[in-house]
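The values are calculated or read from the model by the stated rules, or taken from the named source; none is laboratory data. For clarity, every value in this text was computed on a predicted model and none was experimentally measured. Cβ coordinates were reconstructed from backbone atoms using ideal geometry, including for glycine residues, and neighbour counts include every protein chain displayed. These accessible areas exclude ligands, DNA and RNA; they are computed on the full protein's heavy atoms, side chains included. Shrake-Rupley method; radii C 1.70, N 1.55, O 1.52, S 1.80 Å.
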Amino acid sequence: MSRRIDRRRYGAQPMGDGDTLFRLWAPDANKIAVVTDDAAYPMQALGDGDWEATAPLAAGTRYRYEIDNQRVPDPASCAQTGDIDGASIVVDPDAYRWRHDAWRGRSWEEAIVCELHVGLLGGFDGVRAALPALLDAGYTAIQLMPVAEFPGARNWGYDGVLPYAPDASYGSVEALKALIDDAHGLGLMVLLDVVYNHFGPYGNYLATYAEDFFRSDTPTPWGPAIDFRRRQVRRFFIDNALMWLNDYRFDGLRLDAVHAIRPRGFLERLADAIRRGVDPERRIHLILENEHNDARLLRDDYVAQWNDDGHNALHVLLTGETEGYYADYAGDPTAALQRVLAEGFAFQGQRDRRGVRRGQPSAHLPPTSFVFFMQNHDQVGNRPLGDRLASLLPLPRWKVATALVALCPMIPLFFMGDEWACDTPFFYFTSHPGELAAQVREGRRREFAHFAGFSHPAQRERIPDPNAAATFDASRPRGSDTALALATRTWFGALLGVRKQHLIPHLRGTRAVACARLGKSALRAQWQLADGRLWTLGFNVGADAVACMAPAGAQLLHVEAPEAESRPFDGDLPPNSLAAWIGGAE
């Protein structure tokens, strides 16, 4: 039986009759063939750099492109044999039989997200096995760090070079779909982190036959920028997004570092294509990471942005650290957090430490336009020693920070293991070949040379080698079965229960009212819920108690405080405490 084919889509599309359509953009090529172990099928030039062939090759066939005597994987390969230099595999996107066809997703207001690394949890099957525990912890969504094919078997995923293919070291196409299918059966959304701003440093051959895929006039930290002015390039990434959402049924995408994507109009084209190309009955969520704090993108199709300002201000307030990008918040982290809770972004056009104006006004946006977190893969793994916040703070202080994230009307995101206060380090790790491995190791150590604790070469030797297998193994979350971890997990679930019962049902339409400063390190923030009631959080991580009166007639929902002061006394918030109220009036 033949299936509907999109003749504009790049890659290999089985036609359902034993043949497969292959399409490739290779404007610099003179001669191309689809080659298998025992045959070659010439491709025809269609003009404007596009090439096409129909070959009698069924799903499961292994193939490569031979381009002017160079054999390379399909840049739109949907699966690889072994690794990035292995053969590509023809994949039938309709082969998997879904068991939860009725799933249409959940509202964004319901999202309580756990970000996780697939490899550290044992691949797609390992994550699938962990789903019941993640659900039990209180999460309503998981977000996978990038899964596209990268060099070797160990990587954060941001060095991907074949964006259509799930990394073979994590498992098969079917295993990933089974993971998502099971998650939907449990009521969990599954979000995917995708990288459209660059390719990894090794294994990307596009420049050898499609030099115009890149633009040399716009450098990025990863080399020449991808040229989104070109129709074929836009098509390549738009189809990739549609593949993850339609073929794999992900519930949303988090787009990495979109400030490195030029022109910005691509993001609008992408969102429009997704809106038109995905079943309108499904709830699809598009999330941004954007250093530019571009509030304009959050008005329509992009539901939220990772709020790095919120994290950074909170981190400086909790730890006192001021090196690196934390310097932007060092002057008055309480004021920065105050602005975040009241208006969304801290930087709304002000100059940062480099003298660059950053951000746009954001007070008009709802709190759900911002994803709030106390740590994520970046903020932990980009520390020299991969320290989690739980290893930097006493547990009571960590709990107060966790409660603020959990009960703030922004969308909360936690990093895997936060549900039990995991203190296992999360290092930066790779599995690059030869000389590149050495360059990454030494570059990593040079990166931290200006940090006070790593200014001497001997100190920098303590920074783990990203390419060592031991670095990857040491990053696996551990300690979930101790008595303290189990108690913390119960506490965490109850905390999220408060959000689910009292906040989420009234979150759509919520707006910020005010955020008052109570002391050097204390705030009182208020929002008006969709039903008109007030939602009030009092938060104190200072050394002294501060006065924090409850709104008249409000119901106290949750108190987080040291055991000796298990509730606010006489209208005071003791050090390292948080209180949450609903209702009442000022």
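Residue pairs whose Cβ atoms lie under 8 Å apart, sitting 6 or more positions apart in sequence or on different chains, and linking a residue in segment 312-332 that is more than 21 Å from residue 356 (Cα to Cα) to a partner that is of a type in the set (Asp, Glu), are 315/321.
Name the residues in segment 188-216 that are in contact with a Ser or Thr (Cβ under 7 Å, 6 or more places away or on another chain) and either charged (D, E, K, R) or closer than 23 Å to residue 127 by Cβ (or both), would you? Within segment 188-216, 188, 189 qualify. Note on segment 448-473: residues that are within 23 Å of the chain's Cα centre (by Cα) and open to solvent by 40 Å² or more (accessible area, probe 1.4 Å) amount to 1. Among the residues of segment 318-356, those identified as among the aromatic types (Phe, Trp, Tyr) and either under 25 Å from residue 513 (Cα atoms) or touching a Pro at 6+ places or on another chain (Cβ under 7 Å) (or both) are 329, 345, 347.
Consider segment 422-446 and keep the residues that are out of contact with any Lys or Arg (no Cβ under 8 Å at 6 or more places or on another chain) and open to solvent by less than 40 Å² (accessible area, probe 1.4 Å). The one that is modelled with the highest pLDDT is 427. Name every residue in segment 64-96 that is open to solvent by 40 Å² or more (accessible area, probe 1.4 Å) and of a type in the set (Gly, Ala, Ser), in order of residue number. 82, 95 - these are the residues of segment 64-96 that are open to solvent by 40 Å² or more (accessible area, probe 1.4 Å) and of a type in the set (Gly, Ala, Ser). Which of the residues that make up segment 389-399 are touching a helix residue (DSSP H, G or I) at 6+ places or on another chain (Cβ under 8 Å) and either assigned to a loop (DSSP other than H, G, I, E, B) or under 16 Å from residue 415 (Cα atoms) (or both)? Matches in segment 389-399: 389, 390, 392, 393, 398, 399. Only a single criterion out of (1) assigned to a helix (DSSP H, G or I); (2) in contact with a Pro (Cβ under 8 Å, 6 or more places away or on another chain); (3) open to solvent by 10 Å² or more (accessible area, probe 1.4 Å); (4) of a type outside the set (D, E, K, R) is not satisfied by residue 133, namely (2).
Once segment 515-536 is narrowed to residues that are part of a strand (DSSP E or B) and more than 13 Å from residue 408 (Cα to Cα), the residue that is modelled with the lowest pLDDT is 519. Within segment 181-195, no residue that is in contact (Cβ under 8 Å) with a residue 60 or more places away in the chain sits with its Cβ atom under 9 Å from a residue that is in a strand (DSSP E or B) and hydroxyl-bearing (Ser, Thr, Tyr) at 6+ positions apart or across chains.
Listed by first and then second residue, the pairs linking a residue in segment 410-425 that is over 22 Å from residue 287 (Cα atoms) to a residue that is among the aromatic types (Phe, Trp, Tyr) and in a loop (DSSP other than H, G, I, E, B), with Cβ atoms under 8 Å apart and 6 or more places separating them unless they lie on different chains, are 419/139. For segment 419-438, filtering for residues that are assigned to a helix (DSSP H, G or I), more than 15 Å from residue 464 (Cα to Cα) and among the hydrophobic types (A, V, I, L, M, F, W, C) leaves 2. Of the residues making up segment 474-504, those that are open to solvent by 50 Å² or more (accessible area, probe 1.4 Å) and either touching a Leu at 6+ places or on another chain (Cβ under 9 Å) or within 24 Å of residue 435 (Cβ to Cβ) (or both) are 476, 480, 484, 501.
Being open to solvent by 30 Å² or more (accessible area, probe 1.4 Å), aliphatic (A, V, I, L, M) and either outside any loop (DSSP other than H, G, I, E, B) or more than 27 Å from residue 302 (Cβ to Cβ) (or both) is a condition met by no residue of segment 104-117. Considering 512, 545, 554, 550, the condition of being among the aliphatic types (A, V, I, L, M) and either exposed (fewer than 14 other Cβ atoms within 10 Å of the Cβ) or in contact (Cβ under 8 Å) with a residue 40 or more places away in the chain (or both) is satisfied by 512 alone. Taken over segment 361-377, the criterion of being touching an Asp or Glu at 6+ places or on another chain (Cβ under 6 Å) and surrounded by fewer than 19 Cβ atoms within 10 Å (Cβ to Cβ) is satisfied by 363 alone. Scanning segment 378-411 for residues that are touching a strand residue (DSSP E or B) at 6+ places or on another chain (Cβ under 6 Å) and open to solvent by less than 10 Å² (accessible area, probe 1.4 Å) gives 400, 403, 404, 405, 406, 407, 408, 409, 410, 411.
Within segment 308-324, identify whether any single residue is buried (at least 22 other Cβ atoms within 10 Å of the Cβ) and among the hydroxyl-bearing types (Ser, Thr, Tyr), and answer yes or no. Within segment 308-324, none of the residues are buried (at least 22 other Cβ atoms within 10 Å of the Cβ) and among the hydroxyl-bearing types (Ser, Thr, Tyr). If you take the residues of segment 150-177 that are open to solvent by less than 10 Å² (accessible area, probe 1.4 Å) and assigned to a helix (DSSP H, G or I), which of them is nearest to residue 203 (Cα to Cα)? By that ranking, first place goes to 176.
Considering segment 42-88, and only residues there that are of a type outside the set (A, V, I, L, M), in contact with a strand residue (DSSP E or B) (Cβ under 6 Å, 6 or more places away or on another chain) and not in a strand (DSSP E or B), the residue that is farthest from residue 198 (Cα to Cα) turns out to be 81.
Here segment 10-37 is the region considered, the condition is being crowded, with 18+ Cβ neighbours inside 10 Å and assigned to a loop (DSSP other than H, G, I, E, B), and the residue that is farthest from the chain's Cα centre (by Cα) is 29.
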